[in-house]
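Okay, so here's the structure we're looking at.
The values are calculated or read from the model by the stated rules, or taken from the named source; none is laboratory data. Because the structure is predicted, anything quoted here is derived from the model rather than measured. When the accessible area is computed, the model is the full protein with side chains, heavy atoms only, and any ligands, DNA or RNA have been set aside. Shrake-Rupley method; radii C 1.70, N 1.55, O 1.52, S 1.80 Å.
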Amino acid sequence: MVNDKQTVRTVDVVVDFVCVHCCLAFTRFRRAANRYRATGADLRVRLRPFQLSPDAPAEGEPLFAVHVRERGERFAREVAADSTIGAADGLDIRLRDAIFTNTAAAHRLVAVAAEQGLAEEMTERLFRAYFTDGVNIAEPDVLDRLAAEVGVASSGGGDGGDGGGGSDNDTLSAALAEVRASGVTTVPLFRFDDGTVLEGEPAEAEFTSALTR
């Protein structure tokens, strides 16, 4: 039941687009959030940036190659062959096709989308682009196309990488620093306005409980 005074709930969501745990958790959170809003509740979601690999090249490389280099070929093949990840959540996650890349431009795009009230939709599309479509989400042309699909007027993709971009880069750097200064060291993280913090891969019911308590 929604409070007659329509208290606005606020949740800070901290994710990175190359993190499969973030993809799963965000999917569950968004479903819980949509159901909560369907009751007439007012919910404000603020997407906050985080980069797991800020030095990753914007040119990108197959995630399989990254896994081989960092964890060995056996691990890489096991991950690439695993078709169960995300299945229970209705997601088509294809790690074998993922292109690991720098996520700075993607975070800048979400910031632009937030100004137009489309941050959640843009975040969802970026996750699908990375984990299902197998495209490089640092490429300007890719970001322009994804932005158009979501209805974001301008991608704000800049140079698509981790350099250039002037004030956009400065704004992103400040936002990343602010998130880290708040104590966030890993993602995903969901911080609710009552102090509740959920991390990792919470079940959908946990998000619902946090929203309605």
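Annotations
- Residue-span extension gain [residue 212 to residue 44] - 0.36 nm each, minus C-alpha spacing: 59.1 nm
- Fraction in percent of alpha-carbon pairs per bin - 5 Å, the chain: 1, 7, 15, 19, 20, 17, 12, 6, 2, 1, 0, 0
- A Gaussian network model of the chain, with springs between Cα atoms under 10 Å, assigns the largest mean-square fluctuation among 132, 101, 84 to 84.
- Cα convex hull of region 1-85, projected area averaged across orientations, nm²: 7.5
- Annotation: amide H of residue 48 within the under-5 Å range of 13, 14, 15, sequence separation 5 or more or interchain, hydrogens built in the peptide plane.
- Of every Cα-Cα pair in region 47-92, the percent that sits beyond 16 Å: 57
- The chain, accessible surface, carbon-and-sulfur percent (1.4 angstrom probe): 48
- Extension gain for residue 174 to residue 85 (0.36 nm times residue separation, less C-alpha to C-alpha distance): 28.7 nm.
- Surface exposure of the chain, expressed per residue as accessible area with a 1.4 Å probe, stands at 49 Å².
- In the chain, the DSSP-assigned H stretches of four residues or longer account for a calculated mean residue ellipticity at 222 nm of -13500 deg cm²/dmol, using -39500 (n - 2.57) per stretch and the full residue count as denominator.
- A probe of 1.4 angstrom, applied to the heavy atoms of all protein chains, finds residue 213 with accessible area near 150 square angstrom.
- Orientation-averaged projected area, Cα convex hull of region 65-115 (nm²): 4.8
- For the chain, the longest principal axis of the C-alpha atoms and the axis of helix 104-115 are separated by about 30°.
- Short-range pairs are left out: with C-alpha atoms under 8 Å and at least six residues apart, the relative contact order of region 1-124 is 29 percent.
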